[in-house]
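Just so you know, all these numbers are worked out from the coordinates, no wet-lab data involved. Keep in mind it's a predicted model, so treat the numbers as computed, not measured. All Cβ positions, glycine included, derive from the backbone under ideal geometry; neighbour counts span all protein chains shown.
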Amino acid sequence: MSIAKAITKSLVSSPERRLEADEDLAIVQKVQAGDVDAFDALILKYRERVYSVIYNLTSNREDASDLAQETFIKAFQSIKRFKGKSSFFTWLYRIALNTSLTHLRKNKLRRFFSFEKMVEEDHSSGFIENMTTDSDSDKAALMTELQETLNDAFQKLSVKHRTVITLFEIDGLSHKEIAEIIGTSIGTVRSRLHYAKQFLQGELKEYLK
Amino acid sequence: MFSKRKISPENDVQLSQLLRMKRQERPDDAFWGKFDEELRSKQLSALVRTQSWYERTGKLALLIARKSAAATATLSIFALGIFTISKTEFFSMNPADSVASGPVSEMEATEEPHFAETPIFIVDRQPVSNEVTDLEIPKFDAAPYYEVNALTKGAVPVSYQIIAEPKQFTAGSGVSDTSLGAKVIRTGIDF
């Protein structure tokens, strides 16, 4: 099913999201009124999330950087057409996904990956701690190995499944939000998520004990 | 690719923890500095491009007009030539041909009087009054007279050129209507 398919009017799920959507709309209206600099606030707010989604879809940091920039340029160029039927965030994510999918279709024959370094944080070290009690160097080696295996498994997923699991597990969006972004039903999102998890469990079984 | 087997809840939690580790694959601050710089540059280019849209459309229209000028001129000359030629004698319908050519011409020929002979028109002159002026001297004593004008086809291809050759005679002088070798269509006081 095409990502670019028409999306129904969005109903922002949580109160936080609703507040966020209202704030975004106020900024968008400023940009539409001619305050071009106001768009910087939207870039600053969403650049990391947009980059992260594209990076996990393409598995190439340089491509992800270019595509994220392209996403913001496209959004900037067509912001006058944004009517507020969906939240700005949903609209921006749709642009990001379409841009990424177009890129993946064009470049499916030449795929090479370049990954970001994993920044160690509390919850990841906790996960590693559960797997080994060895020295820091061993932990670092295990983390690198895990990252490679994880990315490798991720790239084996189809783009449709990778999109859904990226938006759900990495970006933390709800089923409903994902459905709005990719233009499908919540049931389809759940189904894709289930199969993607099932596949990854098989690929990562040695880490899941 | 996938089977319908269930995912164990314990594994599901662990998998979620594992996948969330991908959140830590983040670029450093230097990356974002470069990213912002490049994006700003692209944004400005896009802004400039957006502003010059009308200008670019105008240029495109001008370019198309320039490129097609020769073709337009050629077509115009050709059309003018066709129009001019169609209006000349070469392509015009010859009346003689039309009689001989098609059924329509034949029908027209039967509906309209066909002059095999030279057409004439006759002016019925009123008898000269008895009032005598200095300028007009009566030639005949109150007897009507006629002025017969022959119509001859001249050099003009389509219309007739009227060459009046007045021949006067007095009524009752024995000259018949066709005495001049022409058939009288209509007579009247004035033409």
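Descriptive notes on the structure:
- From phi via Karplus (6.51, -1.76, 1.60), per-residue ³J(HN,Hα) for the range A:53-69 in Hz, x at Gly/Pro: 4, 5, 4, 6, 7, 9, 6, 9, 5, 5, 4, 4, 5, 4, 5, 5, 4
- For B:Glu25, residues with placed amide H under 5 Å, excluding near neighbours: A:Val119
- The ranking of A:Thr184, B:Thr72, B:Thr88, A:Thr102 by Cβ neighbour count inside 10 Å, starting from the fewest, reads B:Thr88, B:Thr72, A:Thr102, A:Thr184.
- Put simply, the amide H of A:Asn60, placed in the peptide plane, has neighbours under 5 Å in A:Ser114, leaving out anything fewer than 5 places away on its chain.
- Reduced Cα scattering model of the range A:1-109, Debye log10 I(q)/I(0), q = 0.12, 0.16, 0.23 Å⁻¹: -0.42, -0.74, -1.34
- Members of A:Lys176/B:Lys42; A:Lys176/B:Lys22; A:Lys74/A:Lys160; A:Lys45/A:Lys156 lying beyond 28 Å, as alpha-carbon distances in this model show: A:Lys176/B:Lys42; A:Lys45/A:Lys156
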